[in-house]
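One structure is given below, encoded as C-alpha cells.
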Amino acid sequence: MAKQGETMAQAKTLSDTELQRALDYAATTKAAVRNRAILLLTHWAGMRIGEVASVRYSDVLNADKQVLSEIHLAANQTKGSKSRVVLLSERMQQELAIYIAAHPPKDMNRPLFPTQRAYGFTPNTLTHVINGLYRQAGLNGATSHSGRRGFLTRLSEKGVSVRVMMQLAGHSQMSTTQRYIDTRPDILRNAVELI
C-alpha cells in the first residue's frame, strides 16, 4: 500500500506482442476459451475486472441469443455504482460468440463466466486468475488492470480524443482517463517525426 503522497506503480501496458504472448499462454490452460474472452474484454473493450466478473449472459445476448454490440452494465455491476454502456467492436463480438458457442447459457441470468465450484467469479478471484495468467506468460508488471490501460493507450495512439476515451472508460473526470494513458518511447518518437 502506498503511503500518502506516494503513487502506486501502474499496471504494465502490454505491446501487441506481449498481449499475444498472454493469449498464447491462455490457449494452453484448461479454460482456454474462457480465459481468452476474459483477457480480451479488458484489452479490447476496456472493461474493469469487476465488470467482467459481474457480466451475465443476458447482458451480452439478445432474445435470439445473438451477441449484442454493446453491454449495458447496471450500477451494481460497475465501480462507483454508476451504470454504463460498454461498446463492443465486431472482433470482440466474434470472440464472445466463440466463447458462448463453447459455453451456451443454461440460464440467461447466470454469470457469463461461471466457476467450477461457485456461481461466478468475484472480482478478487478473477483478478487472481488474470494476474496468474500474466505471471505464467512471463509478463512481469502486468495485472488485471493492464488491459484497461492498454485499451485507453491504444485509443490515444490512434488519435482518439480524451473526451471520447473518457466516455468509453466510464470515467467522470478527464484527469482520471489521462492517468491511464501510457506514453511509450516509440510513441514519443513517432510524434516528433510528425513535425
For this session: Within the stretch 156-177, identify whether any single residue is under 30 Å from residue 63 (Cβ atoms), open to solvent by 30 Å² or more (accessible area, probe 1.4 Å) and touching a strand residue (DSSP E or B) at 6+ places or on another chain (Cβ under 7 Å), and answer yes or no.
Result: yes
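I'd like to check which helices (runs of 4 or more DSSP H) are fully inside the stretch 152-195 and have at least 3 residues that are at pLDDT 70 or above. Reasoning before the result, please.
Details: elements: 162-169, 174-180, 185-193.
It comes to 162-169.
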Exercise. How many residues does the stretch 87-119 contain that are over 22 Å from residue 63 (Cβ atoms) and either modelled with pLDDT of 95 or more or touching a strand residue (DSSP E or B) at 6+ places or on another chain (Cβ under 7 Å) (or both)?
Worked result: 2
Exercise. How about the stretch 65-110: which of its residues are aliphatic (A, V, I, L, M), closer than 24 Å to residue 166 by Cα and open to solvent by 80 Å² or more (accessible area, probe 1.4 Å)?
Worked result: 87
For this session: For the stretch 12-64, name all the residues that are part of a loop (DSSP other than H, G, I, E, B) and among the aromatic types (Phe, Trp, Tyr).
Result: none
Exercise. Looking only at the stretch 51-64, which residues are surrounded by 13 or more Cβ atoms within 10 Å (Cβ to Cβ) and of a type outside the set (A, V, I, L, M)?
Worked result: 51, 54, 56, 57, 58, 59
Exercise. Would you pick out the residues in the stretch 89-115 that are in a loop (DSSP other than H, G, I, E, B), under 19 Å from residue 45 (Cβ atoms) and not small (Gly, Ala, Ser)?
Worked result: 103, 112, 113
For this session: Please give the number of the condition residue 71 fails out of (1) at positive phi; (2) assigned to a strand (DSSP E or B).
Result: (1)
Problem set entry | Inter-residue pairs, beta-carbon under 7 Å, first closer than 12 Å to residue 32 by Cα and in the stretch 98-109, second open to solvent by less than 80 Å² (accessible area, probe 1.4 Å) and of a type in the set (A, V, I, L, M), 6+ apart | 98/33; 99/33; 99/37; 102/33
Exercise. Got at least one residue in the stretch 114-122 being touching a residue at least 24 places away in the same chain (Cβ under 8 Å) and open to solvent by 50 Å² or more (accessible area, probe 1.4 Å)?
Worked result: yes
Problem set entry | Subset of the stretch 128-151 [part of a helix (DSSP H, G or I), more than 13 Å from the chain's Cα centre (by Cα) and under 13 Å from residue 25 (Cβ atoms)] | 129, 132, 133, 134, 135, 136
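The values are calculated or read from the model by the stated rules, or taken from the named source; none is laboratory data. What you see is a predicted model; the values in this text were computed from it and never measured. Cβ sites come from the backbone with ideal geometry, for glycine too, and all protein chains shown count toward neighbours. Quick note on the areas: whole protein, heavy atoms, side chains included, nothing else; ligands and nucleic acids left out. Shrake-Rupley method; radii C 1.70, N 1.55, O 1.52, S 1.80 Å.
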